[in-house]
Amino acid sequence: MHFTSEQRRENGSLERDFTLGEIPGILWTPTSSPAPLILLGHPGGLRTMYPRLAGRARHCMANGFAAATIELPGSGDRPRSTDAEQARADLHRALAAGQPVDEIVDRLVIPLVEKAVPEWQSTLDALLSLPEISGPVGYSGGVIAIGIRLAVVEPRIVAAGLFAGSFVPRAMFDEARRVTIPLHVLLQWDDEGNDRQLALDLFDAFDSREKTLQANMGGHAGVPKFAADDAGRFFVRHLK
């Protein structure tokens, strides 16, 4: 892990850009250390997503957590995947025409999960070697299929706050049934880009003894401000 920039905030928290091989990322650490860690998932485009990611990181640090994120394969300045670009275009056309999308979702999401999850695990290896970072670890955000896979294969992640705002291959429902860590799932009821029933079926499939579904009215970008406070309390219960 190589740090490429550093900004100290007025409250003493620290924001650092880093690279891990070809993977760019950002690490935020609070004034108190070592701190538990929350991995911030997002749909890609690190710089485009930065304002929202930084806001989520501030919430994490206010609760005493470090936060980190990385760029997804094929997003931002990383090399594009021709197959993924074609699948994304096919998905938009099928949705506009009201056609079935299951096969297209498989083509788009499964390869992304296969590439992204090992990168998250390598990043976690590097982050937990830093003296200012400690366990336990949580995962927060999307792509929800990535969060599902991480919850199954990564024992260092002990709780997850998942955003039900992206498509999930039906083949991954079997993996969802193997998820047992505490979950806080956020669903926008009128999300124009999400299949509500699929999201509800996915929540039902999770085998966690503690799982909470927070469903709010509004579209994809209409998440109420109090939702962040609710998610914060979830992570305080499980990471402190």
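A cut-off of 5 Å between modelled amide H atoms, ignoring neighbours fewer than 5 places along the same chain, links TRP189 with ASN216, MET217, GLY218.
Helix 226-239 axis versus longest C-alpha principal axis of the chain: approximately 60°, rounded to the nearest ten. Using Cα centres only, tell me the gap between region 152-177 and region 23-100 in whole Å. First find each Cα centre; the distance between them is then 16 Å.
A crude spin-label estimate for the pair TYR50 and ARG9, with each label 7 Å from Cα along the Cβ direction, gives 1.5 nm. The residues PHE18, PHE65, when put in order of fewest to most other Cβ atoms within 10 Å, stand as PHE18, PHE65.
Over the residues of the chain, the helix contribution to mean residue ellipticity at 222 nm works out to -13000 deg cm²/dmol, using -39500 (n - 2.57) for each DSSP H run of at least 4. Normalised by the number of residues in the chain, the average gap of Cα pairs under 8 Å and 6 or more apart makes the relative contact order 16 percent. Here the calculated FRET efficiency for LEU200 and SER122, from their Cβ-Cβ distance with R0 = 51 Å, stands at 0.95, rounded to the nearest 0.05.
Readers should treat all values here as calculations from the given coordinates under stated rules, not as data from a laboratory. A quick note: this is a predicted structure, and the numbers were derived from the prediction, not measured. Note: ideal-geometry Cβ built from the backbone for every residue, glycine included; neighbour counts use all protein chains shown.
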